[in-house]
Amino acid sequence: MSALNSSAEDAYVVRWFEDADVSDFLALDRAVWHRERDERWFTWKYVNNPYVNHIPILVVENDGDIVGARPFLAFRMRAGSETVLALQPADTMVHPEHRRRGLFTRMIERAIDHYTSREPAFFFNFPNQQSRPGI
């Protein structure tokens, strides 16, 4: 899951989250959401998920710094007799100094490319006014 995605015209790299990224992820969360989260919260929300065996987070790296993140929450969804894995994007972040450069789009495109040939069966979300600029 370490495949990279970068553009020749810039130094942004979209890649999968690594364990060493936790503190940078939390720093980005503080910068974007203006809240204090800790490693315990991160583990509860993204690591201790019984439905996936990886941490489903894409990050954008620029000059060694994490400047974007596209986390997903994994759920089992049931319709009739069928139960499938679904992912919900959550807490998407792009550092204010790196916005309007297509990073949001790159992260979701990378996720779609990755998951097209494997679970989940679908993504779902609850868009709102905050997410509208990402459309």
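Key figures
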| quantity | calculated |
| --- | --- |
| Filter result for E39 (more than 23 Å from Q129 (Cα to Cα), among the acidic types (D, E), under 14 Å from the mean Cα position of the chain (by Cα) and surrounded by 11 or more Cβ atoms within 10 Å (Cβ to Cβ)) | no |
| Lone unmet requirement of (1) within 21 Å of H114 (Cβ to Cβ); (2) outside any loop (DSSP other than H, G, I, E, B); (3) more than 14 Å from the chain's Cα centre (by Cα) for N49 | (2) |
| Residue match in the stretch 71-85 (condition: loosely packed, with under 13 Cβ neighbours inside 10 Å, in contact with a Phe, Trp or Tyr (Cβ under 9 Å, 6 or more places away or on another chain), within 20 Å of E109 (Cα to Cα) and of a type outside the set (F, W, Y)) | no |
| The stretch 50-60 - residue that is touching a residue at least 12 places away in the same chain (Cβ under 8 Å) and of a type outside the set (A, V, I, L, M) and, of those, surrounded by the most Cβ atoms within 10 Å (Cβ to Cβ) | P56 |
| Test: residue in the stretch 45-62 that is among the polar types (S, T, N, Q) and either touching an Asp or Glu at 6+ places or on another chain (Cβ under 8 Å) or within 18 Å of V94 (Cβ to Cβ) (or both) | yes |
| Cross-chain or 6+ apart pairs with Cβ under 8 Å, the stretch 99-115 first and under 23 Å from A31 (Cα atoms), then modelled with pLDDT under 95 and in a helix (DSSP H, G or I) | F104/G134; T105/G134 |
| Hits in the stretch 13-31 (condition: farther than 12 Å from T92 by Cα and assigned to a helix (DSSP H, G or I)) | D19, A20, D21, V22, S23, D24, L26, A27, R30, A31 |
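Condition check ((1) farther than 26 Å from V13 by Cβ; (2) free of Cβ contacts under 8 Å to residues at least 12 places away in the same chain) across all residues:
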| site | (1), (2) |
| --- | --- |
| R30 | no, yes |
| N62 | no, no |
| P71 | no, no |
| F75 | yes, no |
| E97 | no, no |
| F122 | yes, no |
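The values are calculated or read from the model by the stated rules, or taken from the named source; none is laboratory data. What you see is a predicted model, and the numbers here were worked out from it, not measured in a lab. Glycine also receives a Cβ, built like all others from the backbone with ideal geometry; neighbour counts cover every protein chain displayed.
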